[in-house]
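The structure under discussion appears below in the form of structure tokens.
The values are calculated or read from the model by the stated rules, or taken from the named source; none is laboratory data. What you see is a predicted model; the values in this text were computed from it and never measured. Note that each Cβ is placed from the backbone with ideal geometry, even for glycine, and that neighbours are counted across all protein chains shown. What goes into the accessible areas is simple: the full protein's heavy atoms, side chains included, and nothing from ligands, DNA or RNA. Shrake-Rupley method; radii C 1.70, N 1.55, O 1.52, S 1.80 Å.
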Amino acid sequence: MSSIKQFQVTFDCAEPERLARFWCEVLGYVVPPPPAGFATWDDFNRSQASEDQGSWFACSDPSGVGPRLYFQRVPEGKVAKNRLHLDVRVGTGLVGEKRLAALEAECARLVPLGAVRVQLLYDGNDSCIVMQDIEGNEFCLD
């Protein structure tokens, strides 16, 4: 039996392109080229039936190491806490005040992009900042 080598993370959302571009900024990901035969994503969207225009978008790790992120429009809004969330690893290997400073710096970078700071978890050594993306999905700066 072979092991799975790749996976993508899928987000249900209201505005796929907007949310994808937010996560590109958070993670340093890029928007892939439009499908073959289209010069731009706008050209591709215009070729779709009106109800399908803008119904999905994706972004990927330019190094090819991280998973592809896929965003699909759904009619219902978010109503409860996520059962799965991303931990954005910005403080790896750091402890105490140095770790907290790294997390705070990343939080300060993300808030102007539309992220919301929810809660700081800090015990004097280990820390994490709980955040929400632009559609209210929880994620952690870790």
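Sort out which residues of the range 39-91 are more than 22 Å from L27 (Cβ to Cβ) and in contact with a Phe, Trp or Tyr (Cβ under 8 Å, 6 or more places away or on another chain), and write them in order of number.
F44, S47
So which pairs qualify, if the first residue must be in the range 46-69 and under 29 Å from H85 (Cβ atoms), the second must be exposed (fewer than 13 other Cβ atoms within 10 Å of the Cβ) and modelled with pLDDT of 95 or more, the Cβ gap must be under 7 Å, and the two must be at least 6 apart or on different chains?
Correct list of pairs: C59/V30; S60/V30; P62/V30.
Here is a check on your reading of the model: is V88 in contact (Cβ under 8 Å) with a residue 40 or more places away in the chain and β-branched (V, I, T)?
In short, yes.
Here are the criteria: (1) among the hydrophobic types (A, V, I, L, M, F, W, C); (2) in contact (Cβ under 8 Å) with a residue 24 or more places away in the chain; (3) open to solvent by less than 70 Å² (accessible area, probe 1.4 Å). Tell me which single one V95 does not satisfy.
Result: V95 passes all but (3).
Six or more apart or on different chains, Cβ under 7 Å: which pairs go from a residue in the range 110-126 that's in contact (Cβ under 8 Å) with a residue 60 or more places away in the chain to one that's open to solvent by 80 Å² or more (accessible area, probe 1.4 Å) and not in a strand (DSSP E or B)? Could you list them?
L113/E25
Within the range 51-86, count every residue that is at pLDDT 90 or above, of a type in the set (D, E, K, R) and surrounded by 10 or more Cβ atoms within 10 Å (Cβ to Cβ).
4
Condition first: touching a residue at least 24 places away in the same chain (Cβ under 8 Å) and either among the β-branched types (V, I, T) or open to solvent by 80 Å² or more (accessible area, probe 1.4 Å) (or both). Now tell me which residues in the range 13-45 satisfy that. Explain how you work it out, then say what you get.
Step one: list which residues in the range 13-45 are touching a residue at least 24 places away in the same chain (Cβ under 8 Å), which gives 13-32, 41.
The answer is E15, R18, R21, E25, V26, V30, V31.
Regarding R89, is this residue open to solvent by 90 Å² or more (accessible area, probe 1.4 Å), within 23 Å of K5 (Cβ to Cβ) and not aliphatic (A, V, I, L, M)? Let's see the steps before the verdict.
Numbers: open to solvent by 90 Å² or more (accessible area, probe 1.4 Å): yes; within 23 Å of K5 (Cβ to Cβ): yes; not aliphatic (A, V, I, L, M): yes.
For R89, the condition - open to solvent by 90 Å² or more (accessible area, probe 1.4 Å), within 23 Å of K5 (Cβ to Cβ) and not aliphatic (A, V, I, L, M) - is met.
Within the range 107-142, work out how many residues are open to solvent by less than 30 Å² (accessible area, probe 1.4 Å) and in a helix (DSSP H, G or I).
Count: 2.
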